[in-house]
1. Which value in nm describes the separation of the simple spin-label points at Thr335 and Arg102, placed 7 Å from the Cα toward the beta carbon?
2. Run the simple label-point estimate for Asp297 and Glu220 please: 7 Å along Cα→C-beta, distance reported in nm.
3. Just Leu415, Leu330, Leu206 to compare: in a GNM of the chain, with alpha carbon springs under 10 Å, which one fluctuates most?
4. Name the residue from Gln50, Cys69, Pro130 whose Cα lies farthest towards the positive end of the charge dipole of the chain, charges +1 on Cβ of Lys and Arg and -1 on Cβ of Asp and Glu.
5. Once you keep just the Cα pairs under 8 angstrom separated by 6 or more residues, what percentage relative contact order results for region 358-441?
6. Viscosity 1.002 mPa s, temperature 20 °C: give me the Stokes-Einstein translational D for the chain in µm²/s, with Rh taken as the Kirkwood radius over C-alpha pairs.
7. Separation of region 357-425 and region 304-350 by C-alpha centroid, Å?
8. Using a Gaussian network for the chain with springs between C-alpha atoms less than 10 Å apart, which of these wobbles most: Lys329, Lys304, Lys115?
Amino acid sequence: MSTTWTPNSWQDRLAKQQPVYDDAAEVESVLGSLADLPPLVTAWEVDKLQAQLSEAAQGNSFVLQGGDCSESFDDCNANTILRKLKVLIQMSLVLICGSKQRIVRIGRIAGQYAKPRSADTETREGVELPSYRGDIINRSGFNETDRRPDPQLLLRAYERSALTINYIRALSQGGFADLHHPENWDLEFVRNTPGSRTYQELLEALSDSIRFMEVVSAGELEQLRRVDFFTSHEGLHLLYEQALTRADQRQRGYYNLSTHLPWIGDRTRAIDGAHVEYFRGIRNPIGIKVGNTIAADELIDLVKVLNPDNTPGRLTLIHRFGAEKIGAKLPALATAIKKANLNVLWSCDPMHGNTQATRNGFKTRSFDDITSEIITAFRVHKDCGTRLGGIHLELTGEDVTECVGGPANLTEFDLPRDYRSQVDPRLNYEQAMEIAFLLAEQCK
Ligand code: PEP
Ligand code: CO
């Protein structure tokens with residue numbers, strides 16, 4: 001690994017999963033504009049998340065990370081953003097009450113626009129076109145115009161990210177996120193399940209505790225008026241990430257200021273590849289997706305390259321094996337990392353190893369596989385003497401029908417009713433809340 005890092009030193013390595021643009025001058029001009037625009041987050045916020053993740057890595061809190069597989073430009077509206085924030089805050093309340101731990105909230109939001117794909121092209125009825133790679137690159141419609149990688153979409157993605165983060169900041173900093181107003185936290189379109197009844201009791205207990213604390217402290221607890229909320233996305237499109245990489249005013253090196261927590265996907269984590277080269281030089285806390293093909297010594301090398309100072313919280317290993325494989329794969333990795341005394345935060349993504357196709361042509365995931373992977377993850381970490389400190393979910397705050405099973409026991413025949421995802425199937429609102437109850441139970 002070379003020792004000189006610059007924001008563009010990745011360009012000397014093989015960069016997988018990058019779009020091929022047909023107009024180099026247009027790309028240059030767009031990147032120039034991006035580099036002149038203000039950052040979307042600040043280095044101080046990034047440092048705050050790093051400190052919170054350090055606490056989580058040391059066993060003092062739990063990380064809840066979730067959102068769309070792929071955000072779409074069309075979903076950049078008040079209602080959808082509010083619902084995503086709401087479900088994540090509600091899940092975090094359930095987790096706080098159940099686990100008695102602090103929860104770090106991170107959305108897959110405000111920049112989750114680039115997708116890795118298994119094939120470069122897609123063929124339908126004899127017509128072959130570039131694959132859809134996320135709204136920052138091209139469009140999902142199956143025609144030549146939509147599928148052309150369009151550099152202008154980099155600017156549109158930056159703008160949508162800015163609009164989204166602006167609204168999230170406003171909602172999380174006051175009013176909406178004020179715990180004094182539990183009416184903001186009612187469950188919607190959730191059946192009368194044991195989980196929903198427990199949730200109502202939990203809200204009442206929360207209000208009682210707040211009243212009690214405020215009587216005791218003779219005043220309103222200011223910190224209950226707002227919540228911390230951080231953003232994350234897969235740092236896949238390296239030209240975009242580079243354009244938003246900025247030297248810190250305090251001379252602390254470079255930060256990726258397009259998001260608080262960028263992560264490296266399972267397909268782009270080659271140790272000699274461009275993504276690892278880019279990520280090793282930024283100051284942000286970072287995630288790595290860890291799938292079935294990685295060996296323990298490879299993971300150890302990767303951790304050492306990305307976190308040479310062994311700083312707790314710098315690195316989150318997000319494992320995603322699938323319910324069937326986790327029991328065989330995780331123990332060797334967890335044990336090796338522990339033996340090497342490497343400080344990492346372990347998080348479980350129970351979504352990406354559990355994707356299947358239905359007979360009627362939908363991509364789905366079964367709620368039972370998701371819960372089974374979560375339960376196994378807690379057990380294996382316990383057995384290995386490591387700790388599961390986080391969860392990584394694809395979810396939405398809406399009543400979609402994309403994953404089968406759950407409280408309403410959706411079947412593959414229910415999927416056509418409201419299947420909206422262009423890429424991977426997400427837990428709907430009710431399924432997501434049910435997962436929060438399961439996690440609260442497991443964290444006890
Ligand atoms: C994702 O998180 O949407 C994704 C593509 O995951 P992975 O890199 O784990 O396959
Ligand atoms: Co996905």
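1. Label-label distance for Thr335 and Arg102, simple model: 3.4 nm.
2. Going by the 7 Å Cα→Cβ label model, 6.1 nm.
3. Leu206
4. Of the candidates, Gln50 comes out farthest on the positive side.
5. 35 percent
6. Here the translational diffusion coefficient equals 96 µm²/s.
7. Rounded to whole Å, the Cα centres lie 21 Å apart.
8. Lys304
Throughout, read-outs are computed from the coordinates displayed, never taken from laboratory work. Remember, it's a predicted structure, so these values are computed and weren't measured experimentally. A quick note on method: Cβ atoms are made from the backbone with ideal geometry, for glycine too, and the neighbour counts reach across all protein chains shown.
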